[in-house]
Amino acid sequence: MKKWLSAVVCFLLFAALLVGATFLLQRKESYRKTHEFYTEKENIDVLFFGASHGMNGIYPMQLFEDYGIVSYNLCGPAHPMPTNYWVMRNALDYKKPQTVVIDCVFSSSSQLVPEKVSHMHRSFDTMPFSKTKVLALKDLIPDDAKKRSAFYWNFVMYHNRWEELGAQDFSFATSKEKGAISLDDHVDLIDQAGSLREAEDGETVQGSDAGEESVGQQYLRRMIEECKARNINVVLTYLPFDMYEPFFEDEIKVMEDLAEEYDVRCINFMEIGVVDYRTDFSDFEHLNVQGARKVTDYLGQYLMAHQLATDQSQNGVYAAWKEDTIEYRREMLAHASTTDGFAYLSQLYKGHVKTYLEIENGCDNKLMKDETFLALLTNLGVDSSKIGKGTQVLLLTDESVQYLDAAMYSSEAGIIIDGTCYECEKGEKGIRLVTLSDELPDYVEKKAF
Amino acid sequence: MLFNSLQFLIFFPIVLLIYYFIPHKARKYWLLVCSYYFYMCWNAKYALLILFSTVVTYLSGRALQKAKECSDDEMRLRRRKRAIVAISLVLNLAVLFFFKYSNFAVDTLVSAFGLFHVTLNIPRFDFVLPVGISFYTFQALSYTIDVYRDEIRAEKSFVTYALFVSFFPQLVAGPIERSKQLLGQLHAVHKLEYDNLREGLLLMYWGFFMKVVLADRISIYVSTVYEYYFVYSGMYIVVAMFLFAIQIYCDFAGYSTIAMGAAKMLGITLMENFDAPHLSLSIAEFWRRWHISLSSWFRDYLYIPLGGNRKGRLRKYINIMIVFLVSGLWHGADFTYVIWGGLHGIYQIAGELLKPVRDLGVRLLHINRDSEGHKLFKMGVTFTLVAFALVIFRSAGVRNAFDIIRSMFVFNPWVLVDGSLYACGLSQKSFWLMLLCIGILLASDICKYHHICIRKLILKQDCYIRWAVFALVPILLLVFGIWGEGYDAGSFIYFQF
């Protein structure tokens, strides 16, 4: 009996170690992105589904801060519509949203799952085992049980990740971006002639034969029908990205046709010009922080205006979300700190910070002839015609721009704010800035370029 | 079904649980069903070949037994026995030849006639080589010959005999068990014994370590270098040569050890198939330690019947060459295997012929034969000879083998230290893990060489150490093993034989 007891202890120890190893070795992106969705006790009013354009382009925490909308971004990288359908079906097992927003990119695709298996893991790794998950995997990966097994128990996939373990793998920390992934790079999509640049390696989408309804379209239809059956409002979107993609016109047509057929709302961001192609993109397809903030702002206004979401800012049950905003702010500022130059400037837009920006030589600075720089300043509310000669110091906040007296604020050593000199060496292009946050008193960021 | 598959990890516990829950009489039926299921997971139709071999050898055994019991005339009995055993041998070897060697024979004929500018149009057969056919055919034949030699009585129970031929742990890659050793155990009552389970589990752990952590990791490097030998020349190939010797050992010995462990958990003891072969001091010793079940099969059923060393030195050398050439052919239907076998035969004969020269050298240089240094030197030479012969074994063809050997003679020793080896499929960390594991393997083999049983040592430790071993080792195997999604769980190398 003692021997068998020993065997039981041993087995339990093995099981515990296996659970630990499974968590430790798995890539944490999925956990960080979706863990809070599964652990959120309260309902979530708006859910977003789509591909990376949506994942990088819609910020739920901004919606909460600015409009009190409780939402979660469940878009996943390169997710075709069938994958989105099952991610949505699974999400609806956990929450009863007022509105589902579906970004229609890849609606002309014939793919069931993303080309890279790692992209699918982003959504499926933390998805709890359920009947829906089983159905999803059987539908999405019909002929490959071996491949499916890696989604039921991702240790099958990640067991050899021991080679790349880092500090973050030992952390249970989750992102407060509520499913969004912000991109802090910056690329100017407008060329010197003022036209849109053409992407060199645009993603190819395998479409269906002409006249046939694509797999993506069929699943988009199923998503709408599923929501309708559950009395959930649907908004279809087509988020902005590089206009040279060959399939976008077909997909917009699919979106508009289905919106009409099912009497649901749709927003074509390619038409309404919310974003600036000079300043708001991280690459040829994805919005950066500034672009995402603009799109999110538009969506917030739209959802509230059409009563598709509720302002929960005063609802006590969402007190934790208010606490999360501070963490969210810290995360976003930490992201911003890693960037320089124009990429950093683009993140100041609606960043809930105040920035003292010094431009050496004022309007005579060479940068003042750079279209991108001027566009970035315009986004931040700066009227470049008001910038005079000599060194200029501007105070930028979300609400306003103040043109300060440079003699009081600028010194050789740095920028003087409230009697404190924030030392900062001058940059090559004559730009220095100091960013402070009222909400995070310990936050000071000094940049020069 | 591969041992290193999720399928087996589900299959085996179910087999084990039901095996110990059902009455003893039903157990052999259960194991027989499981064994056929195990084989049919790979190819259901080819189970008929095992059945054919089983029926033929079972009936021949019964016929031999009956002949012995009924006949009074010695000469007539001998003739009759010879006829029966000949029928069994011919039928079994015909099946083996047809499925394994027919295309090789056709290709050889066509090539041979081609030398004389004669074109032959013989169609090739389009079928997959049945997994493990050489193993179960040899096992079944050994039974017929043992009955013929009156070493055992013919088995009465067809089910027990069918299980002897198809017992799943050793069905597809050995060890090639002898009827004397296994049939009796299949009749015995096996109680659920805690110690058998523990020992079996430890054996399986070790087997999995050899297969999935070492062999499959080494294979990444070796495959890369052999495939692109024209890029990776010189030291890359020398390293691959030695690593392949370790890989094939770990691959095959790993499989045998898992088989031993699985059988042990069912209460059945299989023979030890490898005994630290790479620590051998000579080629002759190597063959006493490498694939023992096959070497002893050839010794008992081919070398000794050919006259062994009893008919003079020349005949002995001829017999050695015959055994090694046949052994090479047993490993695969290609001239690379035949040359590999032949090379081992030459090693042995040359070793004997050069003995006086070696003795003279030892005397002149005042070398102490018992010194550790001398043993280490002999071990190194033996390992190098074995590894070199395996270059031919591993190559895709004879011409390819010679190209690889030629590529080996490029002077680039710096690749051993400048990190170039990490560009051959294994990352730096994985490469170092491989070296660490080879160190563990070496330590284990040294213990085995000195008759120290690590399993018993572990089982003697206090509960903390035992628990740590039983719970932690499988986790380490899972983490550091090469398996799972994205990995084509490479077939065990010896499956093709």
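Results, tabulated for the structure shown:
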quantity: Heavy-atom accessible area per residue - the protein assembly as shown, 1.4 Å, Å²; calculated: 45 Å²
quantity: In Hz, Karplus ³J(HN,Hα) per residue of region B:296-310 (6.51, -1.76, 1.60; θ = phi - 60°; x = Gly, Pro); calculated: 6, 4, 5, 4, 6, 10, 9, 5, 5, x, 6, x, x, 9, 8
quantity: Residue order for B:Lys355, A:Lys447 - accessible surface, 1.4 angstrom probe, largest first; calculated: B:Lys355, A:Lys447
quantity: Local electrostatic count, A:Thr339, Cβ distance below 11 Å [Lys/Arg +1, Asp/Glu -1]; calculated: -3
quantity: B:Arg124 accessible area, 1.4 Å probe, all protein chains in place, Å² to nearest 10; calculated: 130 Å²
quantity: Rounded to the nearest 10 Å², the accessible area of B:Trp42 at probe 1.4 Å; calculated: 100 Å²
quantity: Low-density loop positions, chymotrypsin sites (Phe, Trp or Tyr not before Pro), region B:202-249 - DSSP coil, at most 15 other Cβ in 10 Å; calculated: B:Tyr228, B:Phe230
quantity: The protein assembly as shown: equivalent-ellipsoid semi-axes (sqrt of 5 x gyration tensor eigenvalues, Cα, Å); calculated: 70, 33, 28
quantity: For A:Ile267, distant residues with modelled amide H under 5 Å away; calculated: A:Leu236, A:Thr237, A:Tyr238
quantity: Radius of gyration and Dmax over the Cα atoms of region A:1-148, both given in Å; calculated: 18.3, 65
quantity: Euclidean distance between Cα centres, region B:231-269 to region A:96-133, Å; calculated: 42 Å
quantity: Heavy-atom accessible area ranking, 1.4 Å probe, most first, across B:Arg79, B:Arg289, B:Arg399; calculated: B:Arg399, B:Arg79, B:Arg289
quantity: Efficiency of FRET between B:Ala468 and B:Thr384 - r from beta-carbon atoms, R0 51 angstrom, step 0.05; calculated: 0.85
quantity: For region B:6-192: rounded, prolate or oblate by the Cα gyration tensor [a/c cutoff 1.5]; calculated: oblate
quantity: Area of B:Tyr29 that stays accessible when all protein chains are in place (1.4 Å probe, Å², to 10); calculated: 120 Å²
quantity: Mean ellipticity per residue at 222 nm, deg cm²/dmol - from DSSP H runs of n ≥ 4 across chain A, formula -39500 (n - 2.57); calculated: -12000 deg cm²/dmol
quantity: Low-density loop positions, trypsin sites (Lys or Arg not before Pro), region A:34-131 - DSSP coil, at most 14 other Cβ in 10 Å; calculated: A:Lys41, A:Lys116
quantity: Degrees separating the helix A:131-140 axis from the principal Cα axis of chain A, which is the longest one; calculated: 80 degrees
quantity: Listed residues A:Lys33, A:Lys369, A:Lys253 arranged by accessible area, highest first, probe 1.4 Å; calculated: A:Lys369, A:Lys253, A:Lys33
quantity: Cα-based shape type of region A:125-181, given that a ≥ b ≥ c are square roots of the gyration tensor eigenvalues and the cut on a/c is 1.5; calculated: oblate
quantity: Of the trypsin sites (Lys or Arg not before Pro) in region B:186-226, those whose Cβ has at most 13 other Cβ within 10 Å and which sit in DSSP loop; calculated: B:Lys191
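The values are calculated or read from the model by the stated rules, or taken from the named source; none is laboratory data. Just so it is clear, the structure is predicted and the values come from calculations on it, not from any experiment. All Cβ positions, even for glycine, are placed from backbone atoms using ideal geometry, and neighbour counts span all protein chains on display. With ligands, DNA and RNA removed, areas are computed over all heavy atoms of the protein, side chains included. Shrake-Rupley method; radii C 1.70, N 1.55, O 1.52, S 1.80 Å.
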